[in-house]
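What follows is a short report on a single structure.
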Amino acid sequence: MSMEDCRSSQRFLCRANQLENFCKGATVDLLVSGSSDQITRPVALVDDRKEDDVVRMSEIGFCRSRKGPLSSRQLHQLLSKPRYNTDKITSTMPGGSRDGEDPNEPDADRRLIYITDLNPFSVLALLDTVSYHQAYSLRDFIYGHLTYSASLGVTIPLTGVKRFALEVHLPYYAWRNGNSYVKDSRQMADGRPLRRGQRLDFLDMTPSGAECASSNDYIYEAQMSLLVAGLDDHSWVGYFFNDTYHNGTNNEESVVNYNDQELMDPLSGGMLTANPPIWDPRSYFLRIFEIRLEQVKHEWINNISMIQKKTSSYTQDYHVFKSIYLSPDSRNRGERLTRFHDWTGSTTRLLMDLKQALSRTVCAWDLFQRGDIKYFENVDPPKGFPTPPLCLMAITKHVEEMRDQLNALDYQEKVCTNIFRELESCLSLENRDTGEIQLRTGEIQLRTGENVKVITTLALLVSPPAVSAAIFSMQPGVLPWEPSLIGWFVTTIILAFIVVLVSRFLLSRSLRRTDHALQGIAARPLSATRRCWPCRLWHQPYRFWRSPVGLAIPPSSSEGINYDNDGTELADFENRVDAASLV
């Protein structure tokens, strides 16, 4: 299926790629003969009516018979039939009327198409049957819905056939409570779902460590999109795409539910009756937009209220953070700070996603007010319905309430961001303290090892008399000299001197390596005259006798930290990070 615009070569390649990635594997032949769930599941409703001067007096018009909930295949078959009956012209010509035309069916001057959870075969059914004049508008409309974009505007080309397109996209997040996560079955070519969802179990985690009952809260991406496009006020089509997958089995906006209520307009969410209809396209667009915007507004209010309820006990006055940091339980303090850090990070990311979607909707309305709103001036008010100025005032009120929710989201995000940064600094200090404790523990272990060496040295110093006694206890004739007391003393002194030199050399080398290891100094290669140990004994200064056994301790890691007037380390985040990096 080629989706490239014939008016250009590469300008609309991004739209073509997006549609092809979503509709990969969907073909017209498969739509006609396939049996997959996306082809046979009811997803659409169509309302066709004819309008003329006489019908305007009756206000209802001539309606084509409703076919009930339509699958993608049935939608394709219905849209393949011509909107206007040409039987009066062709019946007198050879061959009679064209295939698919019913001479008793009225023209479809106003056509409304309601589709839930737009899938690849629904897209194919629309694009394969759309008229040439609406092809570009419908292509851009589908692209905007698939990309989860927010927009509001009017398109009236300055060249070509006179036509118009009124378009609005309302992305939002739906907070739902359920027993299980509902995954969007629609997928892109790479396997990603079209709409994302997230389980909010992390909001039930308690950074303070207290137990809390887990809730089954989920939040889902969703979007409502409306397009009213046509040639003039008497011939137009209304498209409405509604994401309802997150509602699960109790889906009040399903096509089956709306079909049971034949007198309700599905595009309005059941807020308007199908009879009498609104014939003017601009009035109909504003009315549907106002109703659906109010619905989206309540979704946003629910989202932000639930988040504030979940996070208020942790973000107000930071009392949980302070209680953890000032806790005397140093053993569990680091673990609790880490848990609070992860909780704050997840909450901040959620707030950023919500803020992004809501801000795009508010910005779209601001742009609309500065320009395209002028197209809705001087519109004849439909009889029995609110006038366009009243609809615009109601829309403005909804947007202002959504702007207040946006400010609440912005404040909540800033609070969580500040807590997140303070927690990062506290974790750095906590890690620094832990590193210092480990360093001191290592020093104690090294000192203990050196003490053991000293004790071993003392034991060696005691052994020369025993060795001398053993030598002089040998049988006569073994020694080259005659055993005597003076010979025993001389032998003991010589052995003790040798033992002292050897033990002193080993101990000094161990101390030097320990000092270098603590200071981070690499070992220097030995010179040629100091490679043999007798030469090293001769060149080694007698530090062992001049100074007590000790270690060279590196500079304190607390040097270079700037303290505030209160003497705390929490005032300057950068200084705390620099201080922690000295360890």
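Show the residue pairs that are 6+ apart or on different chains and have beta-carbon atoms under 7 Å apart, the first residue being within region 360-381 and modelled with pLDDT of 95 or more, the second being in a helix (DSSP H, G or I) and hydrophobic (A, V, I, L, M, F, W, C).
Cβ pairs passing all conditions: 361/402; 362/399; 362/402; 362/406; 365/399.
Quick one: count up the residues across region 386-403 that are part of a helix (DSSP H, G or I) and closer than 13 Å to residue 288 by Cβ.
Total meeting the criteria: 4.
Within region 121-159, work out how many residues are open to solvent by 30 Å² or more (accessible area, probe 1.4 Å) and in a loop (DSSP other than H, G, I, E, B).
So the answer is 8.
Being closer than 17 Å to residue 390 by Cα, open to solvent by 10 Å² or more (accessible area, probe 1.4 Å), among the charged types (D, E, K, R) and out of contact with any Phe, Trp or Tyr (no Cβ under 9 Å at 6 or more places or on another chain) narrows it down to one residue among 260, 280; which is it?
Step by step, each of 260, 280 is checked, and only 280 is closer than 17 Å to residue 390 by Cα, open to solvent by 10 Å² or more (accessible area, probe 1.4 Å), among the charged types (D, E, K, R) and out of contact with any Phe, Trp or Tyr (no Cβ under 9 Å at 6 or more places or on another chain).
Step by step: first the residues of region 204-224, then only those that are in contact with an Asp or Glu (Cβ under 7 Å, 6 or more places away or on another chain) and farther than 14 Å from residue 148 by Cα, then the one that is modelled with the lowest pLDDT. Which residue is that?
If we take residues in region 204-224 being in contact with an Asp or Glu (Cβ under 7 Å, 6 or more places away or on another chain) and farther than 14 Å from residue 148 by Cα, then 212 is modelled with the lowest pLDDT.
Does region 228-247 include one or more residues that are free of Cβ contacts under 8 Å to residues at least 24 places away in the same chain and either closer than 24 Å to residue 175 by Cβ or among the aliphatic types (A, V, I, L, M) (or both)?
Checked against the condition, which is being free of Cβ contacts under 8 Å to residues at least 24 places away in the same chain and either closer than 24 Å to residue 175 by Cβ or among the aliphatic types (A, V, I, L, M) (or both), region 228-247 yields no hits at all.
I'm checking my understanding of the structure. Among residues of region 284-312 that are among the charged types (D, E, K, R) and out of contact with any Cys (no Cβ under 7 Å at 6 or more places or on another chain), which one is farthest from residue 400 (Cα to Cα)?
Among them, the one singled out is 310.
Hey, among 299, 294, which residue is in a helix (DSSP H, G or I) and open to solvent by 60 Å² or more (accessible area, probe 1.4 Å)?
From the options 299, 294, the qualifying one is 294.
Taking region 231-258 only, how many residues are within 11 Å of residue 113 (Cα to Cα) and hydroxyl-bearing (Ser, Thr, Tyr)?
Residues flagged as within 11 Å of residue 113 (Cα to Cα) and hydroxyl-bearing (Ser, Thr, Tyr) within region 231-258 amount to 1.
The values are calculated or read from the model by the stated rules, or taken from the named source; none is laboratory data. As the structure is a computational prediction, the values presented were derived from the model and not from experiment. No Cβ is skipped: glycine too gets one built from the backbone with ideal geometry, and neighbour counts run over all protein chains shown. Ligands, DNA and RNA are stripped out before the accessible areas are found, and what is left, the full protein with its side chains, is counted by its heavy atoms. Shrake-Rupley method; radii C 1.70, N 1.55, O 1.52, S 1.80 Å.
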